[in-house]
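**Q** Take this structure first; my questions come after.
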Amino acid sequence: MRYSLFLLLLLLISCDSQENKKGRFLLKGNDKLQEGDITGALKFYDEALRIDNRFYDAYYNRGLANLKLLNYPKAIEDFSKTIEIHPEHHAAYQQRAMAYLDFGENYKALADAEQLLRIKPESSEAYFIQGLTYTELKNYPEALAAFEKGVHMDPDNPEWYINRATVHYYLQQYDDSWDDLKKAKQLVPSHSYIYNMESLVYFEQNQYEEALKAIEKAISLDRDQPYYYNNRGLYKIFLGQLEDGLEDINYSLKQDNKNLYALRNKGLYHYFKGDTQLARKYLEDVLAKNPDIPLAAFYIEQMD
């Protein structure tokens, strides 16, 4: 009897110790994640999962760490494991949907958004994901409908207006874009993307000086965004500042050498420089990869 009781106490102490230990590893991983030490965080989450391979909090947080590393397949795997263990884990569906979207799995992102709405019918996150995904799929009416629902649910969130302004821009509904950008600016005047979006609308309306002023404001707020420099390069080219424009475009390409818009802009630089042979090469290469890139086909026609 005493032996059995002693053995039971040992088992209880052991279980408690393992439970505490995995929890400590999770907390240490979270601290590392907050500090920006992603590798360190992953090691602690792995330790927690060695103790308990059904510890869904560790899978979820490891998924967040993998997202920070842009390791989308690993992140998706971790969020999927979280959902397998805890099928109603709202945040795991949300994060997996965003990972799918970033990884180009648009229809899987939409499926997860639907699951979010099943678990939490008034989920603004689900509508946000739907709006982003439909925008990526160029289904602009559905994107607008999703963002519209989000605006009604959370009218003080500037992201709704910024993203809706972007869709209006794609639809060439520039007045509607201006209205949404104005609302977003009232809520968060320091959001760099608002000014980037303003610059794009100004450019479409042939207001190149205003476009340049707007993108300069965006860059002053976020100097690490290579796409802003590419846009500034484009505006400078249309203002006749060819060499300064090329410098910005080349800087952007150093950060992302696959950016088709930057490669298109380099083709435009050569066009305005008078080197039509090189301009044609850049623009035709861009169109071969994406026939919907604006301006490329137009300037090829100007050389024919």
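The values are calculated or read from the model by the stated rules, or taken from the named source; none is laboratory data. Bear in mind the structure is a predicted one, so any value in this text is a computation, not a measurement. Glycine gets a Cβ as well: all are built from the backbone with ideal geometry, and neighbour counts include every protein chain shown. Accessible surface areas use protein heavy atoms only, side chains included; no ligands, DNA or RNA. Shrake-Rupley method; radii C 1.70, N 1.55, O 1.52, S 1.80 Å.
**Q** Based on Cβ point charges of +1 for Lys and Arg and -1 for Asp and Glu, what charge dipole magnitude is obtained for region 252-304 about its Cα centre, in debye rounded to the nearest 20? Please report the intermediate quantities before stating the final value.
**A** Values: 8 positive and 7 negative charges, 54 e Å.
Dipole of region 252-304, to the nearest 20 debye: 260 debye.
**Q** Could you size up the charge dipole of region 185-230 around its Cα centre, putting +1 on the beta carbon of Lys and Arg and -1 on that of Asp and Glu, and report it in debye to the nearest 20? Before the final figure, lay out each step's value.
**A** Details: 4 positive and 7 negative charges, 27 e Å.
Charge dipole, region 185-230, about its Cα centre: 140 debye, nearest 20.
**Q** Treating region 26-127 as a set of equal point scatterers at the Cα positions, no solvent, please give the Debye-formula log₁₀ I(q)/I(0) at q = 0.10, 0.18, 0.25 Å⁻¹.
**A** Calculated log10 I(q)/I(0) at the listed q: -0.26, -0.80, -1.24.
**Q** Could you tell me which of 70, 27, 99 has its Cα farthest along the dipole of the chain towards the positive end, charges placed at Cβ (Lys, Arg +1; Asp, Glu -1), taken about the Cα centre?
**A** Result: 27.
**Q** Could I ask something else about it? Run the numbers for residue 239 and residue 273: contour at 0.36 nm per residue of separation, minus the present Cα-Cα distance, in nm. Walk me through the numbers on the way to the answer.
**A** Numbers: separation 34, 0.36 × 34 = 12.24 nm, distance 1.28 nm.
Fully extending the segment from residue 239 to residue 273 adds 11.0 nm.
**Q** A further question on this structure: Taking every pair of alpha-carbon atoms in region 75-139, what share in percent sits in each 10 Å bin, from 0 to the bin with the longest distance?
**A** For region 75-139, the pair-distance distribution reads 26, 56, 17, 1.
**Q** Could you give the nm distance between label points at residue 251 and residue 301, where each point is 7 Å from its Cα heading toward the beta carbon?
**A** About 3.4 nm separates the two model spin labels.
**Q** Stretched out fully, how many nm does the piece from residue 224 to residue 46 gain, at 0.36 nm a residue minus the Cα gap?
**A** Details: separation 178, 0.36 × 178 = 64.08 nm, distance 3.24 nm.
So the chain would gain 60.8 nm between residue 224 and residue 46.
**Q** Specify the longest stretch of the chain that does not include any exposed loop site, a site being one of the GluC sites (Glu not before Pro) with a non-H, G, I, E, B DSSP assignment and at most 15 other Cβ atoms within 10 Å. Kindly include the intermediate steps, with their values, before the conclusion.
**A** On the way: sites that count: 88, 122.
Segment 123-304 is the longest.
**Q** I would also like to ask the following. Sort 295, 234 by accessible area with a 1.4 Å probe, largest first. Walk me through the intermediate numbers first.
**A** Working: 295 55, 234 10 Å².
Highest to lowest solvent-accessible surface, that is 295, 234.
**Q** Oh, and also: By how many degrees, between 0 and 90 and to the nearest 10, does the Cα long axis of helix 260-273 differ from the longest principal axis of the chain?
**A** 20 degrees
**Q** Here is a follow-up. List the lysines whose alpha-carbon lies under 27 Å from that of residue 185, not counting same-chain residues fewer than 8 positions away?
**A** Cα-Cα hits under 27 Å: 138, 149, 213, 217, 236.
**Q** Moving on to the next point. Where Lys and Arg each count +1 and Asp and Glu each count -1, what net charge lies around residue 129 among other residues with Cβ under 13 Å from its Cβ? Let's see the in-between values first.
**A** On the way: positive: 96, 108, 120, 149; negative: 102, 105, 112, 114, 125, 136, 142, 159.
Neighbourhood net charge equals -4.
**Q** Roughly how many whole Å is it from the C-alpha centroid of region 14-89 to that of region 101-163?
**A** Each part reduced to its Cα centre gives a spacing of 27 Å.
**Q** For the chain, give the percent of accessible area contributed by carbon and sulfur heavy atoms, probe 1.4 Å, rounded to a whole number. Don't skip to the end; give the middle numbers.
**A** Details: 8240 of 16550 Å².
Carbon and sulfur together cover 50 percent of it.
**Q** What angle, in degrees between 0 and 90 and rounded to the nearest 10, separates the Cα long axis of helix 158-170 from the longest principal axis of the Cα atoms of the chain?
**A** The angle comes out near 40 degrees.
**Q** Lysines within cross-link reach of residue 81: Cα-Cα under 27 Å, excluding same-chain residues under 8 positions apart?
**A** 21, 22, 28, 32, 43, 68, 108, 120
**Q** Sticking with this one: Among 147, 225, 89, pick out the residue whose Cα is farthest towards the positive end of the charge dipole of the chain, where Lys and Arg carry +1 and Asp and Glu carry -1 on C-beta, about the Cα centre.
**A** Most positive-ward Cα: 89.
**Q** Treating only the Cβ atoms of Lys and Arg (+1) and Asp and Glu (-1) as charged, compute the dipole magnitude of the chain about its Cα centre; round to the nearest 20 debye.
**A** Numbers: 36 positive and 47 negative charges, 223 e Å.
The calculation lands at about 1060 debye.
**Q** Give the Debye-formula value of log10 I(q)/I(0) at each listed q (0.08, 0.10, 0.12 Å⁻¹), with one equal scatterer per alpha carbon of the chain, two decimals each.
**A** Each listed q corresponds, in turn, to -0.49, -0.71, -0.94.
**Q** While we're looking at this one, here's another question. If you look at just the Cα atoms of region 128-227, how large are its Rg and its Dmax in Å?
**A** My reading of the Cα-based Rg and Dmax gives 13.1, 37 Å.
**Q** Gain in length, residue 170 to residue 85, computed as 0.36 nm per residue apart minus the alpha-carbon separation, to one decimal in nm? The partial results should precede the final answer.
**A** Details: separation 85, 0.36 × 85 = 30.60 nm, distance 4.07 nm.
Length gained, residue 170 through residue 85: 26.5 nm.
**Q** Hey, if you put +1 on the Cβ of every Lys and Arg and -1 on every Asp and Glu Cβ in the chain, which of 41, 257, 181 ends up farthest toward the positive end of that dipole?
**A** Ranked along the dipole, the leading option is 41.
**Q** Throw me the Rg/Rh for region 126-174, computed over C-alpha atoms with Kirkwood Rh, two decimals. Numbers along the way, then the final one.
**A** On the way: Rg = 9.6 Å, Rh = 10.3 Å.
Over the Cα atoms of region 126-174, Rg/Rh equals 0.93.
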